[in-house]
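Asks: Quick one: the structure is below, and I'll ask about it shortly.
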Amino acid sequence: MNLYNYFHEIVLKELQTLDLPRDLDFSRVVVEPTRDFRHGDLATNAAMVLAKPAGRNPREVAEALKERLVGHPQVIKAEVAGPGFLNLTLSDDFWRTRLTDVLGAGVAYGDSSAGAGRKVNVEYVSANPTGPMHIGHARGAVFGDVLASLMQKVGFEVAREYYINDAGAQVDQLARSAHLRYREAHGESIEIPSGLYPGEYLKETGEALKARDGGKWLGQADEDWLPPVRDFAIDHMLTMIKADLAALGVSQEVFTSERVLVSAGAVDQVLKALDGKGLIYVGTLEPPKGKAPEDWEPRPQTLFRATRFGDDVDRPLRKSDGSWTYFAADIAYHNDKLRRGFSELIDVLGADHGGYTKRMTAAVKALSDGKAHLDCKICQMVNLTEGGQPVKMSKRAGTFVTLRDVVDRVGRDVVRFIMLTRRNDQTIDFDFQKVTEQSRDNPVFYVQYAHARSRSVMRLAGESIPRDLLSPAALAQGNLDCLTDPSEIGLIRTLANWPRVVEGAAEAHEPHRLAFYLYDLAAEFHQLWNKGKDDATLRFIIAGKDETTRARLALVQAVATVIASGLAVFGVEPVEEMRA
């Protein structure tokens, strides 16, 4: 249960009983946590947003609403604060009952129907199929994968998609690089020219091509061997990429090829449709201020009227050689998504795609007549260090540290969690030394340690309490009134906030909020544990006090459940015990 939604409905119902105009717009009324729990548990802005259109004083409206809410059985105090905010304090019984919600739902706690089955397309990774994944790809892969799981948790129908950029010059360079390695596999001495891919991973591609075709492509003209070698190399790279992503626990159901779309005439079709809307014209762009973008040329060009839809400038659709720009192909690709029935689109992009957002958002608005929404999430760089010193490149990749190198060293769960410990638009410092140390400064360890501690408590309890009395269902039936310490009630309050955090993170497309929440929850649990070390009356297991013990075990089990619920969204396995 999202308790804030629950009380929002109560507030709206009570507002209907007040002497207010019947046509008031209640859409801006919210119920949310107070900034300081010493002032109450919940706050509503109802009086602040309704007073002016109602022709009333905000505090007057707040006082009237207060009188209606203070009689509610779950509200023990209501206070008007400041210019008209209303703070509500809830009973301890209400909070203790929330433990039964957690224990009853298990790891499904926080699931909701907020998405109402709406279709959403989450596209992520979409790296050029020219080599193995690097650590920067890992961030976008984890972000997209976890965001997709988060959207599913709140009731969206999610498609996880990878766009294969296999129609540009980079795949011709890949083919030429692979052909050199193919010749090397036949015993030739080769040199890798500037502009081609030097990574040793292509030795495998050359050997595989030799195994399949023997010497068929030796001594042949470029136009004869380039297309088949290109196809072979792309397939080989995609197999490698999928294996790298699998090592990270990432999988996608849909792989869409740019080359297939272009060859099917998708670009011509979509631009014809935009032309029919009067959104394409031939013109000359003004010289840009500052650094010129790559797609600006001082000549008449075929342009898309992107400025009609919020972009800074209109965007070129053809290059000087007459071929389509990358943007033109991307328009066709997003139109393909729309044709497949998606009206909510999320693109997870690398740090070098910051200039992409406005133009593509404009294109989606134009294609859908404003009915579809595209959210571009830019993932910033990952700085790899070892004790504060930069990590050197991978010998196998030749120019970067591969995703597989990092996963093999620290494990996929560590990589997945760390990639969500900052907002996507902030740089992450990934220090191999810090992400493996056992300290509060390592969020992976700190959260996992909280789960392991809770499981340790339950195992210890199992030595003296029958197993059937320790099931979540049995614990939920215990005397939870024994939980009276403010730190216990505070911990329950944090647990009860989980559904709101999940829905808010899904709505904002910000999965890092879950990592922040889990860290804070772990901190509260560790603090309660430490209080028990100093004060024997606050220990989770107390000999001779069975009801108190079972109530506290219910709290411990609820903590483990919510952490497991969050880690499940992350695709991270909660640990049962920590090993040195």
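The values are calculated or read from the model by the stated rules, or taken from the named source; none is laboratory data. None of the values given here were measured: they were computed from a predicted structure. Cβ placement follows ideal geometry from the backbone for every residue including glycine, while neighbour counts extend to all protein chains displayed. Please note that ligands, DNA and RNA were not included when accessible areas were found on the heavy atoms of the full protein model with its side chains. Shrake-Rupley method; radii C 1.70, N 1.55, O 1.52, S 1.80 Å.
Asks: Given 0.36 nm per residue, what is the gain on full extension from residue 323 to residue 170 after removing their alpha carbon distance, in nm?
Replies: Numbers: separation 153, 0.36 × 153 = 55.08 nm, distance 1.53 nm.
My answer for the length gained is 53.5 nm.
Asks: While we're on this one: Which whole-Hz couplings ³J(HN,Hα) result when phi for each residue of segment 520-530 is put into the Karplus expression 6.51 cos²θ - 1.76 cosθ + 1.60, θ = phi - 60°, listed in order with x for Gly and Pro?
Replies: Per residue, the Karplus-derived 3J(HN,Hα) values read 5, 4, 4, 4, 5, 5, 4, 5, 5, 4, 5 Hz.
Asks: Taking the Cα of residue 269, stepping 7 Å toward and past its beta carbon, and measuring to each backbone N in segment 365-408: which are under 16 Å?
Replies: 367-368
Asks: Give me the percent of accessible area attributable to carbon and sulfur for segment 368-421, probe 1.4 angstrom. Write out the running numbers ahead of the final one.
Replies: On the way: 1380 of 2770 Å².
Accessible surface attributable to carbon and sulfur in segment 368-421 totals 50 percent.
Asks: Could I ask something else about it? Kindly provide the GluC sites (Glu not before Pro) of segment 212-271 that DSSP labels as loop, not H, G, I, E or B, and whose Cβ sees at most 10 other Cβ atoms within 10 Å. Working shown, then result.
Replies: Working: sites: 223, 253, 258; in loops: 253.
Here the GluC sites (Glu not before Pro) that fit, given the DSSP loop and packing criteria, are 253.
Asks: Still on this structure: 5 Å is the cut-off here: which amide hydrogens, built 1.01 Å from N in the peptide plane, fall below it relative to residue 344, excluding neighbours closer than 5 in sequence?
Replies: For residue 344, whose amide H was placed from the backbone, the distant partners under 5 Å are 121, 373.
Asks: Show the residues, 5+ positions off or on another chain, whose built amide H is closer than 5 Å to the amide H of residue 155.
Replies: Distant-sequence amide H within range of residue 155: 112, 115.
Asks: Could you go through segment 226-234 in sequence order and give the Karplus-derived ³J(HN,Hα) for each residue, using 6.51 cos²θ - 1.76 cosθ + 1.60 with θ = phi - 60°, rounded to whole Hz, and x for Gly and Pro?
Replies: 4, x, x, 5, 4, 4, 5, 5, 4
Asks: Please name whichever of 3, 284, 214 sits farthest to the positive end of the charge dipole of the chain, dipole taken about the Cα centre and charges placed at Cβ: Lys and Arg +1, Asp and Glu -1.
Replies: Of the listed residues, the answer is 3.
Asks: A further question on this structure: What is the spin-label model distance, in nm, from residue 34 to residue 433 if the labels are put 7 Å beyond Cα along the C-beta direction?
Replies: Once both label points are built, they end up 4.5 nm from each other.
Asks: Would you calculate, for the chain, the mean residue ellipticity at 222 nm contributed by helices, counting each DSSP H stretch of 4 or more residues as -39,500 (n - 2.57) and dividing by all residues, to the nearest 500?
Replies: The per-residue figure over the chain is -15500 deg cm²/dmol.
Asks: At 0.36 nm per residue, and after removing the present C-alpha to C-alpha distance, how many nm does the segment from residue 575 to residue 204 gain when stretched out fully?
Replies: Values: separation 371, 0.36 × 371 = 133.56 nm, distance 3.68 nm.
Full-extension gain reported as 129.9 nm.
Asks: Compute, for the chain, the length of the dipole vector about the Cα centre, with Cβ point charges of +1 (Lys, Arg) and -1 (Asp, Glu) only. Units Debye, rounded to 20.
Replies: Details: 71 positive and 80 negative charges, 75 e Å.
In total the dipole reaches around 360 debye.
Asks: Something else: Can you give me the long-range amide H partners of residue 349? Hydrogens built in the peptide plane at 1.01 Å from N, cutoff under 5 Å, separation of 5 or more residues or another chain.
Replies: 377, 378, 379
Asks: Give me the net charge of residue 384's neighbourhood, meaning all other residues with Cβ under 10 Å from the Cβ of residue 384; Lys, Arg count +1, Asp, Glu -1. Walk me through the numbers on the way to the answer.
Replies: Numbers: positive: 392; negative: 386, 405, 429, 431.
Overall, the nearby charge balance is -3.
Asks: Ok, one more. Counting DSSP beta bridges with both partners in the chain, what percentage is antiparallel, nearest 5? Spell out each step's value before the answer.
Replies: On the way: 22 of 46 bridges.
Of those bridges, close to 50 percent are antiparallel.
Asks: Further question: Once you order the gyration tensor axes a ≥ b ≥ c over the Cα atoms, which shape class does segment 348-480 get: rounded for a/c under 1.5, otherwise prolate or oblate by comparing a/b with b/c?
Replies: Judged from the Cα gyration tensor, segment 348-480 comes out oblate (a/c at least 1.5, b/c at or above a/b).
Asks: Then there's this: Angle between the Cα long axis of helix 498-508 and the longest principal axis of the chain, 0 to 90 degrees, nearest 10?
Replies: 30
Asks: Something else: Carbon and sulfur: what percent of segment 59-192's accessible surface (1.4 Å probe)? Write down the numbers at each step before the final one.
Replies: Details: 2150 of 4690 Å².
With neighbouring chains kept in place, the figure for segment 59-192 is 46 percent.
Asks: I need the calculated FRET efficiency for the pair residue 93 and residue 534, taking r as the beta carbon distance and R₀ as 30 Å, to the nearest 0.05. Show your work: numbers first, answer last.
Replies: On the way: r = 28 Å, r/R0 = 0.93.
Between residue 93 and residue 534 the formula returns 0.60.
Asks: Continuing with this model, one more query. When only C-alpha pairs under 8 Å and at least 6 residues apart count, what is the relative contact order of the chain, in percent? Working shown, then result.
Replies: Details: 934 pairs, mean separation 95.2, N = 580.
Across the chain, relative contact order equals 16 percent.
Asks: Going down the list 119/365; 119/153; 242/434; 119/319, which pairs span over 24 Å between their C-alpha atoms? Write out the running numbers ahead of the final one.
Replies: Details: 119/365 17 Å; 119/153 13 Å; 242/434 28 Å; 119/319 35 Å.
As for pairs spanning more than 24 Å Cα to Cα, those are 242/434; 119/319.
Asks: Work from the charge dipole of the chain (Cβ charges, +1 for Lys and Arg, -1 for Asp and Glu, about the Cα centre) and give the residue of 174, 489, 512 farthest towards its positive end.
Replies: Positive-most Cα among the choices belongs to 489.
Asks: Farthest toward the dipole's positive end in segment 329-473, which of 373, 329, 432, given Cβ charges of +1 (Lys, Arg) and -1 (Asp, Glu) about the Cα centre?
Replies: Value: 329.
Asks: Give me the 1.4 Å probe accessible area per residue for the chain, excluding ligands and nucleic acids, in Å². Working shown, then result.
Replies: Values: 26620 Å² over 580 residues.
Accessible area per residue: 46 Å².
Asks: Tell me the angle of helix 443-461 to the major Cα principal axis of the chain, expressed in degrees between 0 and 90 and rounded to the nearest ten.
Replies: So the helix axis and the longest Cα principal axis differ by about 50 degrees.
Asks: Counting only protein heavy atoms, what percent of the accessible surface of segment 195-254 is carbon or sulfur at a 1.4 Å probe? Walk me through the intermediate numbers first.
Replies: Numbers: 1400 of 2810 Å².
That fraction is 50 percent.
Asks: Here's another thing I want to ask about it. Under a crude label model (7 Å from the Cα following the beta-carbon direction), how far is residue 507 from residue 409 in nanometres?
Replies: 4.1
Asks: Tabulate in residue order the Karplus-calculated ³J(HN,Hα) for segment 341-347, using 6.51 cos²θ - 1.76 cosθ + 1.60 with θ = phi - 60°, rounded to whole Hz; enter x for Gly and Pro.
Replies: Per-residue couplings from phi come out as x, 9, 10, 10, 10, 10, 10 Hz.
Asks: If you don't mind, there's one more thing I want to ask. Can you tell me the order of 399-406, 387-394 when each peptide is scored by its average per-residue count of other Cβ atoms within 10 angstrom, highest first?
Replies: Numbers: 399-406: 21.2, 387-394: 12.4.
Descending packing order for the listed peptides: 399-406, 387-394.
Asks: What does the charge count around residue 121 come to, taking other residues whose C-beta lies under 15 Å from its C-beta (Lys +1, Arg +1, Asp -1, Glu -1)? Mind dumping the intermediate values first?
Replies: Values: positive: 118, 119, 160, 337, 339, 340, 371, 377; negative: 123, 145, 157, 161, 253, 330, 336, 344, 347, 375.
Net local charge, residue 121 excluded: -2.
Asks: Would you please state which residues of segment 527-556 a label at residue 469 would reach in this model, taking the label point 7 Å out along Cα→Cβ and a backbone N cut-off of under 17 Å?
Replies: 540-556
Asks: Grab the Cα-Cα distance for residue 281 and residue 226, subtract it from 0.36 nm times how many residues apart they are, and report the gain in nm with one decimal. If you can, show how the numbers build up before the last one.
Replies: On the way: separation 55, 0.36 × 55 = 19.80 nm, distance 3.58 nm.
Additional length available on full extension: 16.2 nm.
Asks: Quick one: net charge of residue 237's neighbours, Cβ under 12 Å, K/R +1, D/E -1?
Replies: -3
Asks: In nm, to one decimal, how far is the residue 81 label point from the residue 393 one, both placed 7 Å along Cα→Cβ?
Replies: Output for this residue pair reads 5.5 nm.
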